[in-house]
Structure formats: structure tokens, C-alpha cells
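Every read-out reported here was derived from the displayed coordinates using simple, explicitly stated rules and does not represent laboratory data. Predicted model only: the values in this text are computed from it and were never measured. Don't worry about glycine lacking a Cβ; one is built from the backbone with ideal geometry, like all the others, and counts go over all protein chains shown.
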Amino acid sequence: MKGYHDIVGDGGSRILEQVAEQRARINDGLAGVRHLVAVGSGKGGVGKSTLTLHLAGALRARGLRVAILDADFNGPSQARMAGVQGALFVPGSHKVSLPRTSDGIGVFSMGSLISESASLEFASTAPGESQTWRATREFALLGEILASFEWGALDVLLFDLPPGTERTVQYADFLGPQTSFVLVTIPSEVSRGVVARSVAALLARRSLGEGGSKGPNRMLGYVENMSGYYCRDCNAIKPLFDAPKQSTLEIPCLGTVPFDPELARRCDQGIPFAELTDTPVRRALNDVTGRLLETLS
Ligand code: ADP
């Protein structure tokens, strides 16, 4: 077996040219997108997908052009939540057209391509060692999706990130400094701790400076989801978590969103934001959207 230093240049793989070609296709595909916003956390199950979809819905309700890329390839939630499960991928004018929600949000989610009972396999040329290929294949796939779909003219493209602090940073690396971050937590010390770690990891990356390949990503702020429980019977927000009220996260708070069982039901059924009635939860989502737009501009 050849050692690393026995291989001359790229070993004939043209890997650098291939990466540069893909990067050019991605830049071309995203040329019409004004803002790239990644919604992450580090923690799973805190409402990243729910907030991504409903912030997209609230932006759309304000007349903005929005799309979502569900970057959680092996745990895609957007297909079901956005109601594009089983949507057909059809050719557009020059690339693949994006499936759309009933309120006009373009959505790419792996959940439109594979059923919920199947998992996405990343084939490896070294059977049994697929973990060494996984991240590479995952980001190659993300690059292909960015390069192959018609994102068109958009005000905001939202990325629904998978859980994991380390992966949040990897996405920042891949998406580059033009992508801003919104982090999602719930009011528990466990969740806040993981999100604080993501903030620290993103800041450490930022401190590497602009000279290297890693540029700084803007952190727009965090959203505290499930900040209380919305009781429809008494139309009031009740406490849900017994954690200290104030988070110590060192980025701005974009707002809080209560837990609403009706919202969870609607997510399961793919009912869009446009059909949410005027409740404190809808108003909270709207307030977060307003603050997000202010911060972006
Ligand atoms: P994540 O993307 O962080 O893994 P999800 O968005 O999938 O989390 O949320 C996990 C579950 O909690 C989903 O079933 C979702 O519908 C529900 N959920 C999240 N936030 C709320 C909320 N504010 N009100 C009601 N249900 C919520």
C-alpha cells in the first residue's frame, strides 16, 4: 500500500480541479440568493426544523422569496413538515426544479426521495470502514444539491442543519463566510450548554481570521424554543422548563417561541405557516422573523 508521501500531486485524480469545478457550479447556482442563513444548534430535537420551516413561512407571508435546504440527509424532517413527501423532482429550465410548498417555499429534503423507513447509505470503497468516507460523501452530496437545483432569485435560503457541534462547524466551513447562523435552544441547562459549545466552536473558527481558508460567519443570534407551554383552553403561556430564565449565551436573543401541541400536530401533517391562526405562537414566530430580518439587513 502506498504511503501518503509516495503519491505525487493528486495521484491523477484531478481532485483539486473537481473541487474547483464544483465550487464554481455552486457559486453560479447561488448567485441570485441574497442571504444564506443556517439554522443549527448542536443539540437534536430542540426545534431546528420546526423553526426553519415556520420562519420560512413567516418570511414568505411578508412577500419574500424563500427556499429551504434540509441538510439533515439521514434524519430529514422537512419533507413531512413542509408537505413535500414524495414530491417529484422534474427538470427546470436548466437545472432540477425545486418542489414547492402550497405557500410557494422551495424545499429540498432527502425525505422527498427516500421513505421514512429507509436510511441513506454512503457507499464506501473500503467496506466496513465507511465512517472514514461519511463526512466527505455527505459534503460532496451537499455540494451536488447546491449545484444541481434551481435556487433562482431568492431573498433567503435557509439551511436546516443536522445536530452535532462538530458538524455545525463543518457546515460553516463548507458553506463559507457568506452564511449567517441562527442557533436554536430550549430553556434547559443541558440544551443551553450544547448550544454554548456550538457558539464557542463557531467563534473559535472565526478567530482564525480571514487570512486562512476559514472566514468568519456572522452569528445572528439564538432562538429559545419551547420557552413555555401554550394552553389553548386558557389562551395563556404556562411554564414548561424549570431552568433559570436568563440564558448566558453570548449572542443576541432573537426571541422565544412557546410549545404548542397544535403546532406539533400541524408539523406532522405538513400544514403550512399560512394556515396558523393568530395565537401567541404565531405572533412569537413573526416577532423572531422581524428581528431576524432587522439583524440581516
Ligand atoms: P430538531 O430539528 O431540532 O431535531 P424538530 O423541529 O424536529 O427538532 O422538533 C422536534 C419535535 O418537536 C417535532 O415533532 C416538532 O414538531 C416539535 N416541536 C418543536 N418545536 C415546537 C413548538 N414550539 N411547539 C410544538 N411542537 C414543537
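When each of H5, H35, H54 is scored by the number of other beta-carbon atoms lying within 10 Å, the sequence from fewest to most is H5, H35, H54. Of all DSSP-defined beta bridges confined to the stretch 15-296, some 15% are antiparallel rather than parallel. Helix 165-175 and the long axis of the chain differ in direction by around 70°, with both axes built from C-alpha atoms. Our helix-only sum for the chain, with -39,500 (n - 2.57) per DSSP H run of n ≥ 4 divided by its residues, gives a mean residue ellipticity at 222 nm of -11500 deg cm²/dmol.
Only the Cβ atoms of Lys and Arg (+1) and of Asp and Glu (-1) were treated as charged; on that basis the dipole of the stretch 146-296 about its Cα centre amounts to roughly 340 debye.
Once you have a ≥ b ≥ c as the square roots of the Cα gyration tensor eigenvalues for the stretch 140-297, tell me rounded if a/c is under 1.5, and otherwise prolate or oblate according to whether a/b is larger than b/c. Oblate. Charged side chains reduced to their Cβ positions (Lys and Arg at +1, Asp and Glu at -1) give the stretch 132-206 a dipole of some 360 debye around its Cα centre. Here Q269 and F122 are evaluated by their C-beta separation; at R0 = 41 Å the FRET efficiency comes out at 0.85. The ranking of Y229, Y171 by Cβ neighbour count inside 10 Å, starting from the fewest, reads Y229, Y171.
Across the chain, the mean sequence separation of Cα contacts (distance under 8 Å, 6 or more residues apart), normalised by length, yields a relative contact order of 24 percent. The stretch between L203 and D287, if pulled fully straight at 0.36 nm per residue, gains 27.6 nm over its current Cα-Cα span. Taking the longest Cα principal axis of the chain as reference, the axis of helix 15-29 is set at about 40 degrees.
The residue list Y230, L161, I251 was ranked by how far each Cα lies along the charge dipole of the stretch 143-274 toward its positive end, using unit charges on Cβ atoms, and I251 comes out on top.
Taking amide hydrogens as placed 1.01 Å from N in the peptide plane, the amide H of V184 sits under 5 Å from those of G40, S41, V223, each at least 5 positions away in sequence or on another chain.
Taking amide H as placed 1.01 Å from N in the peptide plane, the amide H of F159 sits under 5 Å from that of V37, A38, V39, L69, each at least 5 places away or on another chain. A cut-off of 5 Å between modelled amide H atoms, ignoring neighbours fewer than 5 places along the same chain, links R65 with D155, V156. On the basis of the beta-carbon distance and an R0 of 25 Å, F174 and R100 show a calculated FRET efficiency of 0.50. Counted residue by residue at 0.36 nm each, then reduced by the alpha carbon distance between them, the extension gain from L16 to R34 reaches 3.7 nm. For the stretch 111-174 and the stretch 44-107, what is the separation of their C-alpha centers, rounded to whole Å? Answer, in whole Å: 15. In terms of the Cα gyration tensor, with a ≥ b ≥ c the square roots of its eigenvalues, is the chain rounded because a/c is under 1.5, prolate because a/b exceeds b/c, or oblate? Since a/c reaches 1.5 and a/b is larger than b/c, the shape of the chain is classed as prolate.
Quick one: helix 48-61 against the long Cα principal axis of the chain, what's the angle to the nearest 10°, folded into 0 to 90? The helix 48-61 is inclined about 70 degrees to the chain.
Note on the stretch 48-90: Rg/Rh from C-alpha atoms, Kirkwood Rh, equals 0.98.
Tell me whether the stretch 112-155 comes out rounded, prolate or oblate; compute the Cα gyration tensor, take square roots of the eigenvalues as a ≥ b ≥ c, and use a/c under 1.5 as the rounded threshold. Note, shape of the stretch 112-155 comes out oblate. When the stretch 1-131 is described by a simple charge dipole with +1 on each Lys and Arg Cβ and -1 on each Asp and Glu Cβ, the residue from V66, I26, L36 located farthest towards its positive end is V66. When only the Cβ of Lys, Arg, Asp and Glu is charged (+1, +1, -1, -1), the dipole of the chain relative to its Cα centre reaches about 420 debye.
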